[in-house]
Amino acid sequence: MRGFSDRALEIQPTGVRKMFDMAGDDVISFGLGEPDFQPPEIAIEAMYQAMKDGHNKYTTTAGLPALRNKIAKSWEHVCPGLDESNVCMTMSGTNALLNIFASLVNPGKNVLLPEPYFPLYGPDVGLWGGEARFYECLFENEFVPTIEHLESLVDDDTVAILYNFPSNPTGATITKDQRDQLLKFAQKNDLWLITDEVYDRIVFDGEHVSFVGCDDDRVILINSFSKTFAMTGWRIGYILSANLEAMAQMTKLQYYITACSNDAMQYGVLAAFEKANDYPDQMCLEFKSRRDLICSRLNAMPGVQCHVPEGAFYVFPKVEVPGMSSEEIALELLKGGVLCSPGSAFGSSGEGHLRFAYTISREDISLGMDKTEIVLKRLRGE
């Protein structure tokens, strides 16, 4: 019997999924980053109507022109002059990652990726023969990398750097000054700058700081409607860049990876853009209340330190239980009725942390924090 490819054998299930698969139905789940909202009703109705109207076919590879144009115009405040040719619809943000890395990475080349990380980054680089080279985003620096550390990793084989703000798993954001420093690093080293901004509409204190519009045609944006319009199951996102040559390459490869995005769903997203564009703001207000609650509870627990994140819907506290790893602590919490993710699931820099997604009700957050406090006190012998 013939075997399997090395790439298939090397890629392992993520630590996040491992914990989720072990959980029973009776746990309080802080595990998956999935909003507990429905998509806007107008989007659901528009998708249903589109199906009834016969929009059940292949679309162009790049997607529905009206939606692509609407997306381009939504970025006009930072990058004037964009149009539908600067956008390619994808089957989710993760599909966008595959398209981008397929377009930029040759075997033997490397990409700088954040750690703690979204677990798909590294394997997606490896699928194309590239090396995932991780840069640390540490608690002590509010999960923002230092230029000195980045300079220690880049070499002649580095083709791109990926930034993720607001961040999964940390919720970290950046200031304009930090953005400009990170941009200058990429420019100085002649790198493609890939910016994952799927949480751009979930920012609590101030405005989202984007790399789009930074007067650099090597910036490539990944975005999605999964988080901001509660459409995780719809699997629809997009790539945007001012660089038309890059867009042509990524759109070409889109055909060979997924052909095109779902026809009717694109009409649903278009309706959300046109008639419910404030929906993410409504969700954001609720997430901010939950953030304040969970941070207050965690920071009151002995052995726990938690930054108050300014974006996304995760907290990534340091949790100290002498002699125990983050996975061991997470397993004990699971036994106590709380599902969270061990920091090690997001890379070695995540060890000593836990990730809690506050995508559940405030009542469940309070109950989950009660259970978390009981378990941690027991583990610490208090």
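The values are calculated or read from the model by the stated rules, or taken from the named source; none is laboratory data. Since we're looking at a predicted model, the values are computed, not measured. Glycine gets a Cβ as well: all are built from the backbone with ideal geometry, and neighbour counts include every protein chain shown.
Scanning the stretch 310-330 for residues that are farther than 14 Å from residue 378 by Cα, surrounded by fewer than 24 Cβ atoms within 10 Å (Cβ to Cβ) and in contact (Cβ under 8 Å) with a residue 40 or more places away in the chain gives 310, 318, 327.
In this entry, residue 199 is excluded by the filter for residues that are buried (at least 18 other Cβ atoms within 10 Å of the Cβ), part of a strand (DSSP E or B) and either not assigned by TED's automatic domain parsing to the domain that holds residue 228 or not polar (S, T, N, Q) (or both). Being farther than 13 Å from residue 220 by Cα and either of a type in the set (Gly, Ala, Ser) or not in a strand (DSSP E or B) (or both) is the filter here; which residues of the stretch 157-171 pass it? Residues satisfying the conditions are 157, 165, 166, 167, 168, 169, 170, 171.
Scan the stretch 1-41 for residues that are in a helix (DSSP H, G or I) and at pLDDT below 95 and report the count. Before the answer, list the steps.
Taking the stretch 1-41 and keeping what is in a helix (DSSP H, G or I), we get 6-10, 15-22, 41.
Those left that are additionally at pLDDT below 95: 6-10, 15-22.
Looking only at that region, the number is 13.
Within the stretch 244-265, being within 23 Å of residue 79 (Cα to Cα) and surrounded by 17 or more Cβ atoms within 10 Å (Cβ to Cβ) holds for 246, 247, 250, 251. Among the residues of the stretch 252-273, is there at least one that is touching a residue at least 24 places away in the same chain (Cβ under 8 Å), under 22 Å from residue 186 (Cα atoms) and of a type in the set (Val, Ile, Thr)? No, there is no match, as no residue in the stretch 252-273 is touching a residue at least 24 places away in the same chain (Cβ under 8 Å), under 22 Å from residue 186 (Cα atoms) and of a type in the set (Val, Ile, Thr).
Set side by side, the residues 150, 183 differ, and just one is over 15 Å from residue 113 (Cβ atoms), assigned to a helix (DSSP H, G or I) and aliphatic (A, V, I, L, M), which is 183. For the stretch 208-231, which positions are under 12 Å from the mean Cα position of the chain (by Cα) and either farther than 22 Å from residue 270 by Cβ or in a loop (DSSP other than H, G, I, E, B) (or both)? Within the stretch 208-231, 225, 226, 227, 228 qualify. It is to be established whether one or more residues within the stretch 69-89 are of a type outside the set (D, E, K, R), in contact with a Lys or Arg (Cβ under 9 Å, 6 or more places away or on another chain) and either over 30 Å from residue 246 (Cβ atoms) or surrounded by fewer than 16 Cβ atoms within 10 Å (Cβ to Cβ) (or both). There is at least one residue in the stretch 69-89 that is of a type outside the set (D, E, K, R), in contact with a Lys or Arg (Cβ under 9 Å, 6 or more places away or on another chain) and either over 30 Å from residue 246 (Cβ atoms) or surrounded by fewer than 16 Cβ atoms within 10 Å (Cβ to Cβ) (or both).
With respect to the conditions (1) farther than 20 Å from residue 223 by Cα; (2) not assigned by TED's automatic domain parsing to the domain that holds residue 372, residue 14 lacks only one, and its number is (2). When residue 49 is evaluated against the numbered criteria (1) surrounded by 15 or more Cβ atoms within 10 Å (Cβ to Cβ); (2) of a type in the set (S, T, N, Q); (3) at negative phi, which criterion, by number, is the only one it fails? Answer for residue 49: the failing condition is (1). Filtered by the rule that a residue be more than 16 Å from residue 366 (Cβ to Cβ) and either of a type in the set (S, T, N, Q) or modelled with pLDDT under 95 (or both), the stretch 284-302 gives a lone residue, 302.
Scanning the stretch 79-133 for residues that are touching a Cys at 6+ places or on another chain (Cβ under 8 Å) and assigned to a loop (DSSP other than H, G, I, E, B) turns up just one, 116.
Going by the structure shown, is residue 295 touching a Cys at 6+ places or on another chain (Cβ under 9 Å), closer than 27 Å to residue 26 by Cα and surrounded by fewer than 20 Cβ atoms within 10 Å (Cβ to Cβ)? In short, yes. Report yes if residue 329 is out of contact with any strand residue (DSSP E or B) (no Cβ under 7 Å at 6 or more places or on another chain), outside any loop (DSSP other than H, G, I, E, B), outside the structural domain of residue 229 (by TED's automatic domain parsing) and among the β-branched types (Val, Ile, Thr), otherwise no. No, not satisfied.
The rows are residues; the columns are (1) closer than 29 Å to residue 308 by Cα; (2) in the same structural domain as residue 94 (by TED's automatic domain parsing); (3) under 20 Å from the mean Cα position of the chain (by Cα); (4) charged (D, E, K, R).
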residue: 136; (1), (2), (3), (4): yes, yes, yes, yes
residue: 139; (1), (2), (3), (4): yes, yes, yes, no
residue: 142; (1), (2), (3), (4): yes, yes, yes, yes
residue: 146; (1), (2), (3), (4): yes, yes, no, no
residue: 159; (1), (2), (3), (4): no, yes, no, no
residue: 163; (1), (2), (3), (4): yes, yes, yes, no
